[in-house]
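Here the structure comes first, spelled out in C-alpha cells, and everything after it is commentary.
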Amino acid sequence: MSTDRAARRGTHSGIRIQTFLARLPMFSEMQADELDRIAAHTVPQYYAKGEAIFHQGDPCAGFHIVVYGQVTLGFNSAHGGEKVVEIMGPGQSFGEAVMFLGKPYPVFGRALADTMLLHVGRHGVLEEVERNPPFARRMLAGLARRLHMLVRDVEAYSLRSSTERFIGYLLREAEAPTEVELAAGKSVVASRLNMTPEHFSRVLAELSSAGLIEVRGRTVRILDLERLRRYGA
C-alpha cells in the first residue's frame with residue numbers, strides 16, 4: 001500500500017491525535033497549541049499483516065509511532081535472507097534518526113500484525129525543534145536511549161550465548177508474572193536474537209528439558225523464574 005492510500009484510510013481513525021501524542025514521553029510536556037502544531041503534520045496510517053510500510057532505500061519523510069499492532073525493522077542479507085533489527089510495539093517510535101540525517105531508510109519496515117501508525121512529518125518536527133528546545137532535548141534523549149539499546153544488543157551478540165540471549169529476552173518481555181507471547185512469531189524473534197530458526201528451536205528444547213519453561217504454540221510459560229535467572233547469569 002502506498003503512503004497516500006494508507007493516509008486516506010487513516011482519516012477516519014476514531015482517535016484524537018493530540019490526545020495520543022500527549023501520552024508519549026517526547027510530547028508529554030507540550031502545551032495544547034504545541035500539540036496542535038505537531039498534529040497538523042501527523043497522518044494516521046493503516047497496514048495489514050505482512051504489508052510493507054517502507055522499503056530499504058526509500059526516502060524518509062518523517063517518523064512513525066505505533067498506535068496498535070507490531071512492526072519489524074530489518075534488512076535483506078547478501079544470501080537472500082532477512083535480518084530483523086528491531087520489533088516495535090504500541091507506544092514506540094521509529095525513524096527519527098534517519099529523518100534528521102535526511103538519508104534513505106537503511107532498513108525495511110513491515111507490519112507483523114494489522115497495525116495503525118501515526119506518521120509525523122519531517123517539516124513539522126524540524127519547525128518544532130527550532131521553536132521548542134525542551135522538545136528537542138527529549139527527542140535527543142530518545143535517540144540516545146535507542147543507541148544505548150543498540151550497543152547493548154551488540155554486546156549481547158558478542159559476549160553471550162544464544163541461550164543467555166533468549167533468557168534475557170524472556171525476562172524483559174514477560175507479562176506478570178510468568179508468560180511471554182511470541183506475537184511476532186518464532187522465526188522473527190530468532191532473527192532478532194541473531195539465531196537461526198533451528199538454533200532457536202534447540203534453545204527452546206533445552207530450557208523446556210531443564211524444566212524452566214513450557215512452550216505452547218507461540219506462548220512461553222516460565223515455570224521457575226529464579227532458576228531461569230540463574231541459568232542465564
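The values are calculated or read from the model by the stated rules, or taken from the named source; none is laboratory data. Owing to the predicted nature of the structure, the values given are computational and were not obtained by experimental measurement. All Cβ positions, glycine included, derive from the backbone under ideal geometry; neighbour counts span all protein chains shown. SASA here: full protein model, heavy atoms, side chains in, ligands and nucleic acids out. Shrake-Rupley method; radii C 1.70, N 1.55, O 1.52, S 1.80 Å.
Using the Karplus relation 6.51 cos²θ - 1.76 cosθ + 1.60 with θ = phi - 60°, the per-residue 3J(HN,Hα) values for the range 195-212 come to 10, 7, x, 5, 5, 4, 4, 5, 5, 4, 5, 4, 6, 5, 4, 7, x, 9 Hz, with x marking Gly and Pro.
Computed from backbone phi, the HN-Hα couplings of the range 19-30 come to 5, 5, 4, 5, 7, 8, x, 5, 10, 5, 9, 6 Hz, rounded to whole numbers (Karplus: 6.51 cos²θ - 1.76 cosθ + 1.60, θ = phi - 60°; Gly and Pro given as x). Under Stokes-Einstein, with the Kirkwood radius over Cα pairs as Rh, the value for the range 81-165 at 4 °C and 1.567 mPa s is 85 µm²/s.
Across the range 90-107, coupling constants 3J(HN,Hα) worked out from phi with the 6.51/-1.76/1.60 Karplus curve, θ = phi - 60°, read x, x, 8, 10, 8, x, 4, 4, 5, 4, 5, 6, x, 9, x, 4, x, 9 Hz, and Gly and Pro carry x. Residues whose amide H comes within less than 5 Å of that of Phe54, counting only those at least five positions distant or on another chain, are Gly109 (H built at 1.01 Å from N in the peptide plane). For the range 24-93, the ratio of Cα radius of gyration to the globular rule of thumb 2.2 N^0.38 Å stands at 1.36. In this structure the chain gives 53 Å² per residue of accessible area when probed at 1.4 Å with all protein chains present.
P(r) tail for the range 11-137: Cα pairs beyond 21 Å make up 39% of the total. In plain terms, the chain from Thr19 to Ser161 could stretch by 46.8 nm, reckoned as 0.36 nm per residue minus the Cα-Cα distance. What dipole magnitude, in Debye to the nearest 20, does the chain give about its Cα centre under +1 on Lys/Arg Cβ and -1 on Asp/Glu Cβ? Here the size comes out at about 220 debye.
Roll a 1.4 angstrom probe over the protein heavy atoms and tell me the percent of accessible area of the range 29-165 that is carbon or sulfur.
Values: 3970 of 6830 Å².
Carbon plus sulfur share of accessible area: 58 percent.
Rounded if a/c is under 1.5, else prolate if a/b is larger than b/c, else oblate: which is the range 63-117, with a ≥ b ≥ c the root eigenvalues of its Cα gyration tensor? Walk me through the numbers before you get to the answer.
Values: a/c = 2.73, a/b = 1.19, b/c = 2.30.
Because a/c hits 1.5 or more and a/b fails to exceed b/c, the range 63-117 counts as oblate.
The loop-placed trypsin sites (Lys or Arg not before Pro) in the range 10-111, going by DSSP, that have at most 11 neighbouring Cβ atoms within 10 Å of their Cβ come out as Arg16, Arg23.
What is the chain's relative contact order, in percent, from Cα pairs under 8 angstrom and six or more apart in sequence?
Normalised by residue count, the contact order of the chain is 18 percent.
Counted over all Cα-Cα pairs of the chain, pairs farther apart than 21 Å make up 60 percent. Between Arg218 and His55, the FRET efficiency estimated from the beta carbon spacing at R0 = 35 angstrom works out to 0.80. Taking the charge dipole of the range 95-200 about its Cα centre, with +1 at Lys and Arg Cβ atoms and -1 at Asp and Glu Cβ atoms, the residue from Leu182, Ala111, Leu126 reaching farthest to the positive side is Leu126.
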